[in-house]
1. Would you pick out the residues in the stretch A:96-139 that are in a loop (DSSP other than H, G, I, E, B) and modelled with pLDDT of 70 or more?
2. Go through the stretch A:53-73 and give me each residue that's under 19 Å from A:F33 (Cα atoms) and within 14 Å of chain B (Cβ to nearest Cβ).
3. Can you list the helices (runs of 4 or more DSSP H) lying wholly within the stretch B:44-123 that have 1 or more residues being within 14 Å of chain A (Cβ to nearest Cβ), buried (at least 22 other Cβ atoms within 10 Å of the Cβ) and in contact with a Lys or Arg (Cβ under 7 Å, 6 or more places away or on another chain)?
4. For B:G25, all conditions in the list (1) part of a strand (DSSP E or B); (2) within 14 Å of chain A (Cβ to nearest Cβ) hold save one; what is the number of the exception?
5. Name every residue in the stretch A:35-64 that is surrounded by fewer than 19 Cβ atoms within 10 Å (Cβ to Cβ) and not in a helix (DSSP H, G or I), in order of residue number.
6. From A:A39, A:A80, which residue is modelled with pLDDT of 95 or more, in contact with a Pro (Cβ under 6 Å, 6 or more places away or on another chain) and away from chain B (no Cβ under 11 Å)?
7. Give just the number: which of (1) part of a helix (DSSP H, G or I); (2) modelled with pLDDT under 95; (3) under 15 Å from the mean Cα position of the chain (by Cα) does B:D8 not satisfy?
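The values are calculated or read from the model by the stated rules, or taken from the named source; none is laboratory data. Keep in mind that what you see is a predicted model, and the values were worked out from it rather than measured. Here the Cβ is made from the backbone with ideal geometry for all residues, glycine too, and neighbour counts use every protein chain on show.
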Amino acid sequence: MKAQAATDRQTNSPSSALCLPAELSQLAAARTFARQAAAAYGLDGDGCYEFAYAVNEAVTNAIRHGLPDERGFIRVTITAEADRLTCAVRDWGTFTPPTEGPVAASDAAAEHGRGLMLMRILMDEVRVHTSSGGTTVYLSKVRR
Amino acid sequence: MSAFYITDETVDEAVAGGVGVFAAGGEIDYAASPLLHEHIAKYINAGTRHLVIDLSAATFIDSTAIGVMMAAVGSLHEACGGRLAAVCVHGNVLKILEISGLQAAIAIYRTREEALSALALVA
């Protein structure tokens with residue numbers, strides 16, 4: 001399966017979406033997609049690296065703990081607004097990370113917690129929205 | 001973009017128990033971190049006491065690879081009181097090692113020579 005790129009013309013903000021097969025071999029494609037969007041938005045070198053890093057962590061979590069759609073895809077959407085660049089990583093699972101305890105219950109939970117911690121340090125805002133329909137992680141970097 | 005790779009290096013038998021060195025380069029993501037884990041286990045199972053992972057050519061290291069290295073700290077210590085060290089020069093990779101907490105758990109050196117001399121002094 002190959003990633004499918006599409007431009008979302010339904011909203012006012014420039015937005016681009018990548019439907020990605022939920023496979024580990026696609027992580028590099030997700031990083032490239034994020035890095036190119038960040039560069040086009042005008043983030044500096046470190047900003048582009050951090051944006052792509054956080055997107056990689058969110059996509060990794062979606063592949064490991066989430067569920068793809070019926071075709072086997074997860075969706076990565078990047079939206080450019082005047083003050084911020086936001087990436088939404090959406091899967092169809094409802095995994096809730098047990099990250100609040102002093103000691104994580106398992107290696108998988110510990111790694112999930114570490115990934116989330118890195119996303120929070122590298123990005124200006126991280127929101128996780130879980131509903132019965134799935135999980136979306138929103139990662140935002142503010143334009144300096 | 002650069003693919004992940006591992007290269008075996010010399011094992012310095014002059015130090016008791018031996019010091020293993022290998023280089024892991026390119027982008028170390030969740031597709032690659034199981035290979036990193038296997039490689040570390042191979043060295044520990046072979047009786048290597050201290051291990052140096054040379055990340056000089058690594059441009060990316062994700063949280064799962066950090067987790068593999070964190071686990072290796074404990075494994076080396078339990079096996080025979082060994083230590084893990086890393087060599088890293090890439091600015092963004094260094095930043096990830098720092099903010100992930102790995103830098104607090106292992107020593108990180110700018111060159112392989114510095115790492116080897118430091119481990120040679122460990123009794």
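1. Taking the stretch A:96-139 and keeping what is in a loop (DSSP other than H, G, I, E, B), we get A:96-106, A:123-124, A:132-133.
If the condition is that a residue be in a loop (DSSP other than H, G, I, E, B) and modelled with pLDDT of 70 or more, then A:M123, A:D124, A:S132, A:G133 are the ones that fit.
2. Within the stretch A:53-73, A:Y53, A:A54, A:V55, A:N56, A:E57, A:A58, A:V59, A:T60, A:N61, A:A62, A:I63 meet the criteria.
3. On the way: elements: B:63-80, B:91-99, B:102-105, B:112-120.
Per the criteria, B:63-80.
4. Going through the list (1) part of a strand (DSSP E or B); (2) within 14 Å of chain A (Cβ to nearest Cβ), B:G25 breaks only (2).
5. A:G42, A:D44
6. Working: A:A39 fails: in contact with a Pro (Cβ under 6 Å, 6 or more places away or on another chain).
Answer to the check: A:A80.
7. (1)
Results for (1) out of contact with any strand residue (DSSP E or B) (no Cβ under 8 Å at 6 or more places or on another chain); (2) within 22 Å of B:A46 (Cβ to Cβ); (3) aliphatic (A, V, I, L, M), shown as yes or no for each residue.
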| site | (1), (2), (3) |
| --- | --- |
| B:L76 | no, yes, yes |
| B:G81 | yes, yes, no |
| B:V89 | yes, no, yes |
| B:K95 | yes, no, no |
